[in-house]
Structure formats: structure tokens, C-alpha cells
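Following: one structure in C-alpha cells, then a few remarks.
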2 protein chains.
Amino acid sequence: MDSTIAEKMETIGRRARKASQALMGLSEEEKNQALKAMADELDNQREKIRKANELDVKDGRENGLSSAMIDRLILNDERIDAMIQGLHDIAALPDPIGKDLRTWDKENGLKLHKRAVPIGVIGMIYESRPNVTADAAALCLKASNAIILRGGSEALRSNQAIAEALNKGAKKAGLPEHALQLVPVRDRKAVQELIRMDRYVDVIIPRGGQGLIRAVAENATVPVLKHYEGICHIYVDADADHEKAWRIVENAKCQRPGVCNAVETLLVNKAIAPEWLPEMAEQLLKQKVELRGDEASRDYIKDVKPATEEDWSTEYLDLILSVKIVDGIKEAVEHINHYGSGHSDAIVSENSEQQDYFSRMVDSAAVYVNASTRFTDGAEFGMGAEIGISTDRLHARGPVGLEELTTYKYVITGNGQIRE
Amino acid sequence: MDSTIAEKMETIGRRARKASQALMGLSEEEKNQALKAMADELDNQREKIRKANELDVKDGRENGLSSAMIDRLILNDERIDAMIQGLHDIAALPDPIGKDLRTWDKENGLKLHKRAVPIGVIGMIYESRPNVTADAAALCLKASNAIILRGGSEALRSNQAIAEALNKGAKKAGLPEHALQLVPVRDRKAVQELIRMDRYVDVIIPRGGQGLIRAVAENATVPVLKHYEGICHIYVDADADHEKAWRIVENAKCQRPGVCNAVETLLVNKAIAPEWLPEMAEQLLKQKVELRGDEASRDYIKDVKPATEEDWSTEYLDLILSVKIVDGIKEAVEHINHYGSGHSDAIVSENSEQQDYFSRMVDSAAVYVNASTRFTDGAEFGMGAEIGISTDRLHARGPVGLEELTTYKYVITGNGQIRE
């Protein structure tokens, strides 16, 4: 390991830990003032940010980045405005820190408070989009966490310009020094250091492709909050309302196919398939959805590609849908728990027994009854904003908003109580 | 890696995952019946368990285990009774699964339920005490988790006899097969496999010495819920009630010095030290407590060993107490956040401003105001039973009881809602 990078990261970590302790003392008002000052500085330094971004984009083009990556990299006025608005939106959200999640009294007179507190230091590793620099920083700071940001190397100058503006605003507002730090090197060794700095970093949140997340999870000693793919299912039960089922499947597949909460596999009860599936297929084909069916389904939907074993565990992120006929709800649930990614799955059924069985037995972060899987989203859930959607099981599942960026401690108040 | 062990562990993992899915379908009554049947079988197989244990103890003596380890290993009738009682106690606790932690409605008519569900598969790695086999299994099963137990190799026969009895009872009561599995090999490679089986295991809980926990945390890819040492502090403020402070310090140090929530370091405000500290020292010396003081403290407590830098980060687990004079609360909090282990720390003060500052700024799982640190314990907190005390920050902090062995999912019920 390059000793200079190791030393740099050690310094960053030590400063973040120190900042996180100072952040515990801030009031809601102080944090909100800082977020607003940070928004103002983004606006003030708009030109500087755009110029830095132009250099990144120029290099990106020369280095042969794909047009999709270039598109994600570009910061225009609209995107800078969105970052500024994002900071104001987060300032307007309620402070998640310091509230009592539960209080209770013991017979000996002790009063226990289970109280929301910051996690401490959050390490954020992300790719391409420089706006994440502002969005992630604002969410973490609103929950009184110090943050270490490590963006994509292709966006380093953009991220530095944004981080400088944010830090200038933070300083003006009196936020503790080093509450927000951007890793200033492109070298990947910095990531290797960051994910093993247990002493200084409390959680790593990687955002980006599956490869990045897997590499981080495999090598980290710091806990990682993972955001894997969404292989989402809709099960259409024998007792489904036909119209609802058509509407929900179409929405979950077509409204925005490139996102993690779009549906990838349709499971249809054999009792409803003959009547319901052909019209569903017709609707989807009109929307240019490619269908891939198991053998049984191809009796009802003609001229479609057969689905292979691989299809059941593929997140298409595209207008493709795999279709399978199942004997009943048990087979549907087993399929989902086996091939799914524990993200979002739905049942369409008017039968409350089937609804209950599905809600209970499907082992996913979000389980829908008669609604589209597309609602799995921090804003739609009423969290205001999210830093991602966790497919992990511990600490946070589903959308990760301000509350999920906190932990708790017990504050126990007494009057001289001792243990007998 | 020995392929036979890898294969064995793979089979255990696959079976545990399957069992965990079946466990989601069990009712509270079914789980309680199983726990009671397991208790009955422990009673029925008492002789078998004791004989297996005698062999373990005999081998342990021949292999030169320390008398403390032998003591922990021994299963007498009293300890078997305690295991049986433990199973009944856990059966009597409320079911943590299926309850809605929060429900809310959205304007579009969606109803959201944040619902407590099992974590899934828990891997428990522990040393010596065979009673953990029954205690840990019962807690995990009550929260509808499958469990894989890996006890100390010196207790393998005892653990196998206990696990066989538990499984016989579980089978009689109709619990899903493989809900409880004991790793049947002594080879340490089994642990290396277990902590990297992400597909099958959702969390590892290591219980034992610091070395064991560090080795597991360093090498695991499965999330680890860690239980590190307790370096606990009491800060006696300028505005402390003298009597309360004496009583609390004495209790926290002397009542049971060998446990993690006993105090190790006493921080005394310089304003109260001259009057308060000499009498405190006298009380402690009467109780045979060895004091180790910083330079300033040795003005008030004569003939004590100087405290070294190492003392501040040592968990004595013994009748030893380090003492330091601080200028004020800020220095006390900084000392605690720097040298402490985030376990349990207390302030003794009648001043509400100092109390609030301490509660807010001390970054520990349990923060006490005018009470002994010895209360950090699942039973004392009202959780009924605990599997350990987490010094981690994510998912669970402090005592880990039934609720902490759950996670949550969102169940969203609608009436055909789609995303616009």
C-alpha cells in the first residue's frame, strides 16, 4: 500500500471522527442554516463548478467514456439548480436526531430513553454523477454525521469544485471543520484504505454498479450498507381483479424500465392465465415490451422467446419481461424467495388469505398488495429524500432516508440507583 | 480449504435458509409449544447430556484447560435446570414478529406498514459454556430465525447432546426441519466457511474473548454483530451529590467486577476532588480495590500506583480502578469518547445542564445520569433475555434481545395504485 495514500486517508479518517463528535452538539437550527449557506455557495460558485465539469467532460470524451456516462457526468444549470433545491429540501425535513424512539420506567425508578443519535462517520463511494456529492453530503449532515465522499475518478474536478463550495458555505455557517471531506485522489488504493478504517468510519455506502458494490462488500471490514439490484416480481393470483392486474403490471414494467423497482418477472396463476394473460401480452407488446415465457405460458402468448434459467435471475433494466405460469401461491413465493433480490414484489389478488400469505412469506424489503412495485422510493414512502434503497437485512431495509442514517443510544436517568 | 468441510457447511447453510423461510409461517403459539417441548426433552435427556459433558470435562482436564475454563464447561443439574427454565422464560416473552412498528397512509390511498420480521439465518460462534447452545437457540427461534451454532471444540460432545435433545423436542412440536443446526466438526475451517456464506447466513454473532471476535470481524463477509469489551467510566461532576457518587462508584466497581458493565475508570472534576475523592478512596480500599491514579489525583489519594497511558484503555475485569482528575465536563467527555469502548458511561451530577451535555455528547450505547453502569443488561432494561451486548453502532446497540434479533419489511396495501 502506498504510504502517502494510507497517510492521507488516516488523516481524513481522524478528522472525520473528530468532526462527528462536534456534530453531536449541533442544534437543528444550526444544521439547517449550514445547509442553506451551502446552497448559497453552490449558487455563488456556479461558474467555477461548470468550468471544472467541462474539463472532466472533455477528458471523459477523450478517454472514450460512453455517451450514457458522459450524460451522467454533465452539470448544466438545471442540474446545479436541482442540487441547490435538494439542499433546501433537506433543510426543510424534520431533524431525526435527539428524539426519543421509546421511553419507559423501571420499578426501581430508572427512566429509560431509547434515543435517535447519529451513526457517526459515513463513507460514501459512488460513480459518475457529481450531484451525489451535494445530495449525499446534505442527507448525512442533516442526520449529524460526518461524511467522507469518494466519487468517480472521472468526476474528480467537478466533485472538488462542489465540495469546495459546500465547505465554504459550511464554514460561514460555523459547521465543525472536516464534517465533509472529499477524497482528493484518483488512486483506487484510497478506496481500499477507506473501507478498512474501522477506527474512523462507521458505515460504507457504495452507490453504483453491482461490480463496485460487490468489490466493496468483499473487502471491507467497515460495515457496508448495500444497494444491490432489484429483481422484482408481480404475482397475479387466481382471484385477481383483471383490470387492476393489467394496470399494475404495465405500470411496473413500462413507466420507467431502467430503475431498480421496475418489475422483471411476471408470475401468473394457472387458473387465471387462459383468460387474463393473452390480453396482458397484447398490451405489453403494444408498448414494445419483449416477453420471454416459460413453456406453459407460451400456450397463451404466442411467438415469444422461451425464458431460460438465466432469465429468472436477471435484472433487465429494459423493456423485457419474463413470464411464468405457477400452480399457486406457494410456487410463486418459492420462486420469488429463490430468484428474487429481496427488493420489491407484489401480489394482485382480491383474496385476503392469499394477500396475507404473500405479505408474510415473501422475504423482501417491500411487499405490495394490489399496487405497483414502482412505489419503493424514499419520497413515495414519505421520507422526503433517500440516499439509496438497501437490499441488506440489517440496520436498514428498503429506502434509506434520514432516519436510516441514525442509530440509537439508551439514556438512563436515575436518582442514585445501584444494582443489588 | 478442505472440500469435505466446505461441502458440509454448504449443506448446513442451504438447509438453514430453507428452514428460515418455513419459520416465517409459524404462529406465536407454535413457537412457544416448540420451546416447551425442547425444554421437556432437555429434562428427559439429562443423563445423556451429563455423560457427554463428563467426557468433555475429562478431556479438558487432560488437555490442561484452566480451572476457569473447566468451570465454565461443567454442566451440573443446577445448570441443566437453568437451561430448562431459560427455555420456558423465553416462551413466556411476547412474540416480536409480525407487529407493525409504524403504519401510515399516503394521499394516493396506499397504506404502509413497517413490520417486524425475522432476520433469517443467524450464525452463532461461541466458546466454552455449553448452556449458550440452549439459550441462543431459544432466543433466535422465538424471533423465527434459523440458527447455526458453532460452540467451542472443547464442548462439542456436550453441545451435541444438548442440540440433539432440543431438536428432538422441536421435531415433536412440528418445528421446520433444520431450524437449529450445530456444526458437528471441531476443525476451525468450519468457522472460516460459516462467516463467508453470505448466500445463506444473514448475521454472525460471536460471543467470547476479544481475540475470537476480532478474528471473526476481520475475515467475515457476512455482517457481524460484535460484542467487544466494556471500558466504562463514571464522571463525578462538580455538582455531584457526594453520597450518590460514592454509592454509584462503589456499586459499579465492586458488585461484580468481572463483567463488561463494571466501571474501569473514574473521572473526577477538580472542584469536587479535594473533598470527595479521599473518602471514596478509603471506601474502595476497604473493598480491596487497587487504585491507579493520574498525577493530580495522587495529591488526594496517597500511596497508589500511577496510572499509565495503557490503563485508560484497559478493561480490568478485576478490582482495579484508574482515577483521573479533569478540569471539567468537556475534558471528561473527550476522555470517554477517546479511550472508552462505547459501552456504558455515567455522570453523577445534580446540574441539569451538565447532565444534558453528557447525555448528548458521550457516544456510548448506554449513558447514565445518576445511576450505576451495572444496569446495562437485557433483563434490567426489561427485554426479558439477551444474547449479548452490542458495541456496534449499526442495527443493534447495547443489549441484544428478541427485538434486536428481528429486522423489518414494508408491507404496502393498495387498491390498484400505479405510479404516475
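Take A:Val259 and decide whether it is open to solvent by less than 60 Å² (accessible area, probe 1.4 Å) and assigned by TED's automatic domain parsing to the domain that holds A:Thr11. Outline the logic, then answer.
On the way: open to solvent by less than 60 Å² (accessible area, probe 1.4 Å): yes; assigned by TED's automatic domain parsing to the domain that holds A:Thr11: no.
The answer is no for A:Val259.
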Just for region B:36-49: of the residues that are without any contact (Cβ under 8 Å) to a residue 60 or more places away in the chain and open to solvent by 50 Å² or more (accessible area, probe 1.4 Å), which one is farthest from B:Leu175 (Cα to Cα)?
B:Glu47
Conditions: (1) at negative phi; (2) modelled with pLDDT of 95 or more. A:Gly174 meets all but one. Number of the miss?
(1)
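Quick one: which strands (runs of 3 or more DSSP E) sit completely within region B:237-339 and have at least 2 residues that are among the β-branched types (Val, Ile, Thr) and in contact (Cβ under 8 Å) with a residue 40 or more places away in the chain?
Working: elements: B:263-269, B:290-293, B:320-326.
Here the list reads B:263-269, B:320-326.
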Let me spell it out: the conditions are (1) without any contact (Cβ under 8 Å) to a residue 40 or more places away in the chain; (2) touching an Asp or Glu at 6+ places or on another chain (Cβ under 8 Å); (3) in a loop (DSSP other than H, G, I, E, B), and B:Ala385 meets all of them except one. Which number is the exception?
(1)
Since A:Ile329 meets every condition but one in (1) closer than 20 Å to A:Gly342 by Cα; (2) in contact with a Lys or Arg (Cβ under 8 Å, 6 or more places away or on another chain), which condition does it not meet?
(2)
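Taking region A:50-62 only, how many residues are under 16 Å from A:Ile80 (Cα atoms) and open to solvent by 60 Å² or more (accessible area, probe 1.4 Å)? Steps first, answer last, please.
Let us first name the residues in region A:50-62 that are under 16 Å from A:Ile80 (Cα atoms), namely A:50-54, A:56-57.
Next cut, open to solvent by 60 Å² or more (accessible area, probe 1.4 Å) only: A:51, A:54.
Residues flagged as under 16 Å from A:Ile80 (Cα atoms) and open to solvent by 60 Å² or more (accessible area, probe 1.4 Å) within region A:50-62 amount to 2.
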Being open to solvent by 10 Å² or more (accessible area, probe 1.4 Å) and facing chain A (nearest Cβ under 10 Å) narrows it down to one residue among B:Glu282, B:Glu250, B:Glu275, B:Glu229; which is it?
B:Glu250
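Answer with yes or no whether B:Ile125 is within 30 Å of B:Glu10 (Cβ to Cβ), within 14 Å of chain A (Cβ to nearest Cβ) and of a type outside the set (Gly, Ala, Ser).
Values: within 30 Å of B:Glu10 (Cβ to Cβ): yes; within 14 Å of chain A (Cβ to nearest Cβ): no; of a type outside the set (Gly, Ala, Ser): yes.
Judged against the criteria, B:Ile125 is not a match.
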Name, by its number, the condition in (1) among the hydrophobic types (A, V, I, L, M, F, W, C); (2) modelled with pLDDT of 95 or more; (3) surrounded by 15 or more Cβ atoms within 10 Å (Cβ to Cβ) that does not hold for A:Leu65.
(2)
Looking at this structure, is B:Asp187 open to solvent by 30 Å² or more (accessible area, probe 1.4 Å), within 14 Å of B:Val121 (Cα to Cα) and in the same structural domain as B:Lys8 (by TED's automatic domain parsing)?
no
Before we move on, is A:Ala170 aliphatic (A, V, I, L, M) and free of Cβ contacts under 8 Å to residues at least 24 places away in the same chain?
no
So which residues in region B:330-341 are in contact with a Ser or Thr (Cβ under 9 Å, 6 or more places away or on another chain) and open to solvent by less than 20 Å² (accessible area, probe 1.4 Å), if there are any at all?
B:His335, B:Ile336
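Condition check ((1) touching a Leu at 6+ places or on another chain (Cβ under 7 Å); (2) modelled with pLDDT under 95) across all residues:
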site	(1), (2)
A:Ala146	yes, no
A:Ser158	yes, no
A:Ala161	no, no
A:Glu164	no, no
A:Asp187	no, yes
A:Ala190	no, no
A:Leu194	no, no
A:Gly208	no, yes
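Every residue, every condition in (1) surrounded by 14 or more Cβ atoms within 10 Å (Cβ to Cβ); (2) not polar (S, T, N, Q), yes or no:
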residue	(1), (2)
B:His242	yes, yes
B:Gln255	yes, no
B:Thr265	yes, no
B:Leu291	yes, yes
B:Val304	yes, yes
B:Glu309	no, yes
Tally the residues that are open to solvent by less than 10 Å² (accessible area, probe 1.4 Å), more than 7 Å from chain A (Cβ to nearest Cβ) and either more than 28 Å from A:Ser344 (Cα to Cα) or in a loop (DSSP other than H, G, I, E, B) (or both), restricting the search to region B:388-420.
6
Any hit, region A:214-225, residues being within 20 Å of A:Ile12 (Cα to Cα) and in a strand (DSSP E or B):
yes
Just to verify a result, which residue in region B:372-387, among those that are within 7 Å of another protein chain (Cβ to nearest Cβ) and touching a helix residue (DSSP H, G or I) at 6+ places or on another chain (Cβ under 7 Å), is surrounded by the most Cβ atoms within 10 Å (Cβ to Cβ)?
B:Ser372
Quickly run through region B:3-35 and pick out the residues that are open to solvent by 70 Å² or more (accessible area, probe 1.4 Å) and either within 14 Å of chain A (Cβ to nearest Cβ) or within 22 Å of B:Val132 (Cβ to Cβ) (or both).
B:Lys8, B:Arg14, B:Arg15, B:Lys18, B:Glu28, B:Glu30
Of the conditions (1) open to solvent by 10 Å² or more (accessible area, probe 1.4 Å); (2) within 12 Å of another protein chain (Cβ to nearest Cβ), A:Asn167 satisfies every one except a single condition; which number is it?
(2)
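Within region B:106-117, is there a residue that is within 17 Å of B:Leu175 (Cβ to Cβ), within 14 Å of another protein chain (Cβ to nearest Cβ) and either in contact with a His (Cβ under 9 Å, 6 or more places away or on another chain) or modelled with pLDDT of 95 or more (or both)? Steps first, answer last, please.
Here is the first cut: in region B:106-117, the ones within 17 Å of B:Leu175 (Cβ to Cβ) are none.
Checking region B:106-117: not a single residue is within 17 Å of B:Leu175 (Cβ to Cβ), within 14 Å of another protein chain (Cβ to nearest Cβ) and either in contact with a His (Cβ under 9 Å, 6 or more places away or on another chain) or modelled with pLDDT of 95 or more (or both).
Going by what's in this entry, would A:Val201 be described as assigned to a loop (DSSP other than H, G, I, E, B), open to solvent by less than 40 Å² (accessible area, probe 1.4 Å), in the same structural domain as A:Asn159 (by TED's automatic domain parsing) and touching a strand residue (DSSP E or B) at 6+ places or on another chain (Cβ under 6 Å)? Full working, then the answer.
Values: assigned to a loop (DSSP other than H, G, I, E, B): yes; open to solvent by less than 40 Å² (accessible area, probe 1.4 Å): yes; in the same structural domain as A:Asn159 (by TED's automatic domain parsing): yes; touching a strand residue (DSSP E or B) at 6+ places or on another chain (Cβ under 6 Å): yes.
Yes; evaluated as a whole, the condition is true for this residue.
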Anything in region B:215-226 that is open to solvent by 40 Å² or more (accessible area, probe 1.4 Å), in contact with a strand residue (DSSP E or B) (Cβ under 9 Å, 6 or more places away or on another chain) and either closer than 22 Å to B:Pro399 by Cβ or facing chain A (nearest Cβ under 9 Å) (or both)? List them, or say none.
B:Pro223
Of all strands (runs of 3 or more DSSP E) completely enclosed by region A:99-161, which ones contain at least 2 residues that are over 22 Å from A:Arg50 (Cα atoms) and open to solvent by less than 30 Å² (accessible area, probe 1.4 Å)?
A:111-118, A:121-126, A:146-150
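Does A:Gln354 satisfy the criteria of being more than 30 Å from A:Leu149 (Cβ to Cβ), within 7 Å of chain B (Cβ to nearest Cβ) and surrounded by 21 or more Cβ atoms within 10 Å (Cβ to Cβ)? Step through it out loud before you land on a result.
Working: more than 30 Å from A:Leu149 (Cβ to Cβ): yes; within 7 Å of chain B (Cβ to nearest Cβ): no; surrounded by 21 or more Cβ atoms within 10 Å (Cβ to Cβ): yes.
Taking the combined requirement at face value, the residue does not satisfy it.
The values are calculated or read from the model by the stated rules, or taken from the named source; none is laboratory data. Keep in mind it's a predicted model, so treat the numbers as computed, not measured. Methodologically, a virtual Cβ is constructed for each residue, glycine included, from the backbone with ideal geometry; neighbour enumeration extends over all protein chains shown. Accessible surface is based on the protein model in full, side chains and every heavy atom, while ligands, DNA and RNA are left aside. Shrake-Rupley method; radii C 1.70, N 1.55, O 1.52, S 1.80 Å.
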